1. Hey, with R₀ at 22 Å, roughly what FRET efficiency would residue 44 and residue 159 work out to, going by the Cβ-Cβ distance, to 0.05?
2. Taking K and R as +1 and D and E as -1, what net charge do the other residues with C-beta under 15 Å from the C-beta of residue 161 add up to?
3. Using a 10 angstrom cutoff on alpha carbons, build the Gaussian network for the chain and name the most mobile of 234, 109, 122.
4. How much length is gained if the chain between residue 271 and residue 111 is pulled fully straight, taking 0.36 nm per residue apart and subtracting their Cα-Cα distance, in nm to one decimal?
5. What is the distance in Å between the Cα centres of the stretch 287-301 and the stretch 95-174?
6. Exposure proxy check: 101, 16, 337 ranked by fewest other beta carbons within 10 Å?
7. Can you return the aspartates and glutamates within cross-link range of residue 315? Criterion is Cα-Cα under 19 Å, with same-chain partners fewer than 8 residues away left out.
8. So if we plug the beta-carbon distance of residue 28 and residue 298 into 1/(1 + (r/R0)^6) with R0 = 22 Å, what FRET efficiency do we get, rounded to 0.05?
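Only the coordinates and a few stated rules stand behind these numbers; no lab work does. Because the structure is predicted, anything quoted here is derived from the model rather than measured. Backbone-built Cβ (ideal geometry, glycine too); neighbour counts: all protein chains shown.
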Amino acid sequence: MNKIRVGIVGLGANTRLRHVPGLRACEAVEIVGVCNRSQASTRAAALQFGIPRSYSTWREVVADADIDAVVIGTWPSLHCEVTVAALDAGKHVLTEARMARDADEARQMLAASQRHPNLTAMIVPSPIGLAVDQVLREFLDQNFIGRLQEVVVLGVTDMFADPASPLHWRQATKHSGLNVLTLGILHETLSRFVPDPVSVFAQGSIYNETRIDPLSGIRVSVDVPDALHVLTQMPSGVKGIYHLSGVASLGPGLQIHWYGSEGTIKLLGSNPEQLFMGQRGTGELKVVEIPAEKRSGWRVEQEFIGAIRGEESVKFTTFEDGLRYMLFIQAVTESLRTGMPATLRT
């Protein structure tokens, strides 16, 4: 088996937790180089993880002829530029979610992948729903809840509740783009099972208007909502309600609900994930026991390497999937800006 040599741009938290051990668990895969935001951080990461090459800039990673694939673990602000350059240099790409800062960048990334159909282009998927995906699909395909009538999406936590905490990169548009809280990962999960909405109406609130930027030490304005409410409508007329908050104490966490004419399904994105189901007349929802042979989980790195080798296709998440959820995020942003409903554009 030919060895696949990987270069990492941005060895951040998820790359440390997931991608490095995941790639090293794959047969005949070597992480040969890394580049972080600073030379000091790059050297420290290379030393900690035993990576032989350190690069001064991400462009050096992309230009290295010894590298076959690039893993991008940066903030969304760099995803488009690095992805397009890497694909045009003949490298396979796995980029961290969210796909990009906005839909225009997502289109550029998709176009680059289409210019190089022989290369694997994959986005790190939303982890929500991966473990129960097969069973959830089976219940929906079997029409367990009857005709779908409503969906409810909850991402209600206290991750930004402390007004004294420093600015997180997710709270700055220059780093995160148009992405807000957990809107993207939750909508991505829902979009695996239902059609994209045709229209959205959004309202947002910023409760802590300034925070200390840890990079500069200066107090700056927060320009990403602390809370977000979105109403959606699907082509069939099915309505959706999204409630996102980063400042809600004792909130319900991450959940997705499907309400149908005959029953209800609730996905709780806890650890471990749980499904609750019930049909009209039974009186209560009951937890669904997921058989071991049907419970999946995180295999992002294996899927990426398998796709490069032609052993499997990308199931979670293609650049086409990423553009879909970025179009949704773009429409939510337009509605926030205008105070009016917005239509999803292609």
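1. With a Förster radius of 22 Å, E is 0.25.
2. -2
3. 234
4. 54.0 nm
5. Going from one Cα centre to the other spans 19 Å.
6. Values: 101 23, 16 14, 337 10.
By the 10 Å Cβ count, ascending, the order reads 337, 16, 101.
7. Here the aspartates and glutamates satisfying the reach criterion relative to residue 315 are 96, 133, 138, 141, 188, 196, 293, 301, 303.
8. Numbers: r = 21 Å, r/R0 = 0.94.
So the FRET efficiency works out to roughly 0.60.
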